[in-house]
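Note sheet for the following structure.
A short reminder: the numbers here are calculations on the coordinates, not readings from a lab. Quick caveat: nothing in here was measured; it's all calculated off a predicted structure. Because the Cβ atoms are built from the backbone with ideal geometry, glycine has one as well, and the counts that use them run over all protein chains shown.
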Amino acid sequence: MKIPFTPLLAATLWMVASSAQSASPEDGPQSRAYCVAALTKIADPVLNSLAENKLKTDIPKLNPKREQFAPLEALGRLLSGMAPWLELGPGTDAEGKLRARYIDLAVKGIGKAVDPGSPEFMNFTKGNQPLVDTAFLAQALLRSPKQLWGNLGERERSNVIAALQSSRVTKPLMSNWLLFSATVEAALWQFTGECNMAPIELAVGKHMEWYLGDGTYGDGPKWHWDYYNSYVIQPMLLDVLKVCETKKHPLGKHYSTVLKRAKRYADVQEKMISPEGTFPVIGRSSCYRLGAFQTLAAIALMHELPKGLEPTAVRAGLMAVSRRVLEAPGTFDAAGWLRPGACGYQPSIVENYISTGSLYITSCGFLALGLPADDSFWTGPDLPWTQKRIWSGEDIPADHAM
């Protein structure tokens, strides 16, 4: 008998994956099952509500002043993290069948989001915020060119292009925001062959100028203690430059340099995971949870982990953080929506630019699900990550700046 996939079933899968890991030592298949269950649990309220034309009404109103931005925030950020997993495509096994369902939900959801005649047509132009999340949607398309962009019909593609182009009315701030305009233009360039090069040239030029050393960029000319190198800067800079390299544009020459810096930043990120699976909560947007580790997850996805970082140790470290973050009481409300906080429900940590939709960047902590199940990242038992090795007394080589 075919069992329909419902939020209740998603919650059941989540509990089964969680209890299975609690009952026995973690290994790759268990870790992957847990991550798939976690990602789909995060996705369900957004994609199911959108499928029923109820996202705008269902999404919790965390910040009334930000309601007009929340739907696009939720969709763009969620799909940015889900895209590599979706790009694996449908399959005949249980996970492959699950991917088929979420590919269908995501493609139809994008179609509604960009259709001016749809009740779920999203805000791409009013206020400054839409530029940000148009960029995350563009990033999702770049990360899944076959399953997201490739499954859109001609009309839907035309609407996507119009939506991306419409975001040009917003001029970015002289900060990480330059990469939002650049990512939108990179997607237009990738999928239509045409774009405005000026935003790409400005974003790349300024971030090369703002590089501070040892794998880290300033957010603008100044350094901030926060995770924007992971939320935005390093992943989007890599994605933009990859398009430049593919198009054989002179800016593509920077890709190898930027990748080398991102690998060092990923190395530092891995070393920030404590033996208990916690990490320093510091700076703006701390309620973005696993989004803080997007760069490490992206480098793992790319098979570019620095020498000395074993894939299964990185997996184990990211798994430890995921469990600490997502299993904290209060992380989800009764309907399954994410609630604000770094560890559970912590509303005082929220800045005035945060909406419920903002929280869905946490999906970017699961980018490594884009590696197939038989990849070395997912096979074999866990290895201890760096801080677990150090604080267990193991004698390991010294760390060095790049």
May I ask for the distance between the Cα centers of the range 98-114 and the range 225-302, given as a whole number of Å?
27
Taking log10 I(q)/I(0) by the Debye sum over Cα atoms at q = 0.08, 0.09, 0.10, 0.14 Å⁻¹ as the quantity of interest, determine which of [x] -0.36, -0.46, -0.57, -1.17; [y] -0.45, -0.57, -0.70, -1.22; [z] -0.38, -0.49, -0.61, -1.29 was computed from the displayed structure.
[z]
Once phi is turned into ³J(HN,Hα) by the Karplus curve 6.51 cos²θ - 1.76 cosθ + 1.60 with θ = phi - 60°, what whole-Hz value does each residue of the range 112-121 show in order, with x for glycine and proline?
5, 5, 9, 8, x, x, 8, x, 9, 4
Qualifying trypsin sites (Lys or Arg not before Pro) for the range 304-402 [loop in DSSP, other Cβ within 10 Å: at most 10]:
Lys307
Using the Cα centre as the reference, give the magnitude of the dipole from point charges on the C-beta atoms of the chain (Lys, Arg: +1; Asp, Glu: -1; all else neutral), rounded to the nearest 20 debye.
700
Other-chain or far-sequence residues with amide H under 5 Å of Tyr217's (modelled H)
Leu212
Quickly rank 255-267, 58-70 as a protection proxy: mean count of other C-beta atoms within 10 Å, highest first.
255-267, 58-70
Descending packing, highest mean Cβ count within 10 Å first, for 214-221, 43-50 is 43-50, 214-221
Residue pairs, from the table Lys206/Lys271; Lys65/Lys222; Lys263/Lys307; Lys222/Lys307; Lys171/Lys248; Lys146/Lys263, whose Cα atoms sit over 20 Å apart:
Lys206/Lys271; Lys65/Lys222; Lys222/Lys307; Lys171/Lys248; Lys146/Lys263
Let's test the formula: R0 of 25 Å, r as the Cβ-Cβ distance of Asp374 and Lys307. What FRET efficiency results, to the nearest 0.05?
0.60
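For a protection proxy built on the mean count of beta-carbon atoms within 10 angstrom, sort 333-344, 82-93 highest first, please.
82-93, 333-344
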Report the charge-dipole magnitude of the range 86-133 in Debye, nearest 20, computed about the Cα centre from +1 at each Lys and Arg Cβ and -1 at each Asp and Glu Cβ.
120
Taking the Cα centre of the chain as the origin and placing charges on Cβ (Lys, Arg +1; Asp, Glu -1), which of Pro372, Leu72, Phe124 is farthest toward the positive end of the dipole?
Phe124
Table column - 3J(HN,Hα) (Hz), the range 52-69, Karplus curve with 6.51, -1.76, 1.60, x for Gly and Pro:
9, 6, 10, 4, 4, 8, 7, 4, x, 8, 5, 9, x, 6, 10, 4, 5, 9
For the range 156-169, what does the Karplus curve 6.51 cos²θ - 1.76 cosθ + 1.60, with θ = phi - 60°, yield as ³J(HN,Hα) per residue in whole Hz, taken in order and with x for Gly and Pro?
5, 4, 4, 5, 4, 4, 5, 5, 4, 5, 5, 5, 5, 5
Full-stretch length increase - Glu394, Asp226 - with 0.36 nm per residue and alpha-carbon distance subtracted
57.5 nm
The range 22-153 - percent relative contact order, Cα under 8 Å, separation 6 or more
30
If you average the sequence gap of Cα pairs under 8 Å that are 6 or more apart and divide by the length of the chain, what percent do you get for the contact order?
22
Find which of Thr40, Ala262, Asn159 sits farthest along the positive direction of the dipole of the chain, computed with +1 on the beta-carbon of Lys and Arg, -1 on that of Asp and Glu, about the Cα centre.
Asn159
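Determine the sum of side-chain charges near Leu141: Lys and Arg each +1, Asp and Glu each -1, restricted to other residues whose C-beta is under 11 angstrom from that of Leu141.
Value of the local net charge: +1.
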